1. With the condition kept exactly as written, say whether any residue in the stretch 259-270 is at pLDDT 80 or above and assigned to a helix (DSSP H, G or I).
2. Can you tell me which residues in the stretch 92-113 are out of contact with any Phe, Trp or Tyr (no Cβ under 8 Å at 6 or more places or on another chain), within 24 Å of residue 7 (Cβ to Cβ) and surrounded by 15 or more Cβ atoms within 10 Å (Cβ to Cβ)?
3. Does residue 75 qualify as being free of Cβ contacts under 8 Å to residues at least 24 places away in the same chain, surrounded by 14 or more Cβ atoms within 10 Å (Cβ to Cβ) and among the basic types (Lys, Arg)?
4. Of all the residues that make up the stretch 143-200, how many are aromatic (Phe, Trp, Tyr), surrounded by 22 or more Cβ atoms within 10 Å (Cβ to Cβ) and more than 15 Å from residue 122 (Cα to Cα)?
5. Restricting to the stretch 1-47, and then to whatever is surrounded by fewer than 18 Cβ atoms within 10 Å (Cβ to Cβ) and acidic (Asp, Glu), can you tell me which residue is nearest to residue 104 (Cα to Cα)?
6. Would you please name the residue that is surrounded by the most Cβ atoms within 10 Å (Cβ to Cβ), looking only at residues in the stretch 48-72 that are closer than 16 Å to residue 10 by Cα and out of contact with any Leu (no Cβ under 9 Å at 6 or more places or on another chain)?
7. Scan the stretch 114-129 residue by residue and report those that are loosely packed, with under 13 Cβ neighbours inside 10 Å and more than 16 Å from residue 214 (Cα to Cα).
8. Every residue in the stretch 110-130 that is part of a loop (DSSP other than H, G, I, E, B) and either under 26 Å from the mean Cα position of the chain (by Cα) or within 30 Å of residue 146 (Cβ to Cβ) (or both), please.
Amino acid sequence: MAWIFGRPEYDISFHVNTDSADLIGTDTFINNEVRLRKGSIYQCAEFGGFGILDEINMAKNDAVSVLHATLDHRRRINIPGYNRILLHPATRFIGTMNYGYAGTRELNEALVSRFMVIDMPEMDEDSVLFVLRQHFPDGEKSALKAFAGLFLDLQIKAYHGEISTKSLDLRGLVSAVKATRSGLSPIDAIQMGIINKSFDVFEKEIVEDVVSTRIPSSWTGKDIWGKTCMEDVRWPAEQLEEHRLEISNRIRNLFWTVSGDYDTEFEPDTEKYVYSKQTVLYEAVKQGAFARYFDQKKLGMYLMKKLHFSAGEDMLLPLQRFRNYEEPRETNERIFQFRAYANNRDGLALKTVGSSLMERPEKNKILIVLSDGKPCDMSIQ
């Protein structure tokens, strides 16, 4: 709008410590004189333009109360110790907010009454696709449609309260798609841009399951960018041999920096570096974070105790396939041979079956889950 009307734009980002001085201005000392250092609201009022009050519901009510005379019929700013100024006729203010975000608060009625409120509707497929196509006009249509479908699926989950809105992040989705152009695999990019925005373990599993239905783990940059992806550029074998030691040291140093333990042995995958440098470096960061925040010895002891209590591999990871896709209907009689045993880990089963399902050539796929709704694991003291 500022560009269309040829007016200046002033972005004011509100936060919990925003006060009236940040908005209107404050005294400062210049050339042995006390002068007013004009705030963004003052400049917008003086020169005429669009003042964007970003995340206005993050500021304290007493801070934004100085805007009352500015936003109503009086259209003026009162600054103690200075002259009152009237707003330029071309001055307009636009407030934006995300309702319900952490750190936000209820706006007082006096401030709300000074605005015309537009309640932004939920995005539909056309809206999401429009955004993605604006950012990535050279992206494969089918891939962009899959990313749009992922966003809409998460939106439905958030609407029904199954997940929070942390992973419902269009900026994160755009950043993830952008990262794939540089060689990061789509699933790793989505992990960082969408999945990892949620810090609740169970919510993250739900988001991962939604992602797996839209973004195949086998996808590479080619599936999104065709032949324009950096991932297609491969080093000649002789160039890899020449720089293998240098590459190995770089990956190891990244692992050691993140883990904080320079005594830990780590063998980098230099062969994979040839195809996707970003993926290998990201894997080093993940492994370093695991080494730093997980006690591998205790994890090993946990598994040893399970084995000590006669929990073999078939007990730790029980997964029985009732019938495969190509097998005849007569195999349905196997259902009578099944029995309950060991411990149920629904997440493992869903991920395994989901991956198998995504490899099928059929266009429409359905996954039906029958569960007692009670996850169970062995009790190890």
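1. Looking through the stretch 259-270, at least one residue is at pLDDT 80 or above and assigned to a helix (DSSP H, G or I).
2. Here is the first cut: in the stretch 92-113, the residues out of contact with any Phe, Trp or Tyr (no Cβ under 8 Å at 6 or more places or on another chain) are 96-113.
Filter once more, so that each one left must be within 24 Å of residue 7 (Cβ to Cβ): 96-97, 111.
Those that are out of contact with any Phe, Trp or Tyr (no Cβ under 8 Å at 6 or more places or on another chain), within 24 Å of residue 7 (Cβ to Cβ) and surrounded by 15 or more Cβ atoms within 10 Å (Cβ to Cβ): 97, 111.
3. Numbers: free of Cβ contacts under 8 Å to residues at least 24 places away in the same chain: yes; surrounded by 14 or more Cβ atoms within 10 Å (Cβ to Cβ): yes; among the basic types (Lys, Arg): yes.
So residue 75 fits the description; yes.
4. First pass over the stretch 143-200, keeping only residues aromatic (Phe, Trp, Tyr): 147, 151, 159, 199.
Narrowing further to those that are surrounded by 22 or more Cβ atoms within 10 Å (Cβ to Cβ): 147, 151.
Okay, now just the ones that are also more than 15 Å from residue 122 (Cα to Cα), so 147.
Within the stretch 143-200, residues that are aromatic (Phe, Trp, Tyr), surrounded by 22 or more Cβ atoms within 10 Å (Cβ to Cβ) and more than 15 Å from residue 122 (Cα to Cα) number 1.
5. 19
6. Looking at the filtered set, the residue picked out is 51.
7. Let us first name the residues in the stretch 114-129 that are loosely packed, with under 13 Cβ neighbours inside 10 Å, namely 116-122, 124-126.
If the condition is that a residue be loosely packed, with under 13 Cβ neighbours inside 10 Å and more than 16 Å from residue 214 (Cα to Cα), then 116, 117, 118, 119, 120, 121, 122, 124, 126 are the ones that fit.
8. From the stretch 110-130, those part of a loop (DSSP other than H, G, I, E, B) are 113-124; that's our starting set.
If the condition is that a residue be part of a loop (DSSP other than H, G, I, E, B) and either under 26 Å from the mean Cα position of the chain (by Cα) or within 30 Å of residue 146 (Cβ to Cβ) (or both), then 118, 119, 120, 121, 122, 123, 124 are the ones that fit.
The values are calculated or read from the model by the stated rules, or taken from the named source; none is laboratory data. The shown structure was predicted, so the numbers you read here are calculated from the model rather than taken from an experiment. Don't worry about glycine lacking a Cβ; one is built from the backbone with ideal geometry, like all the others, and counts go over all protein chains shown.
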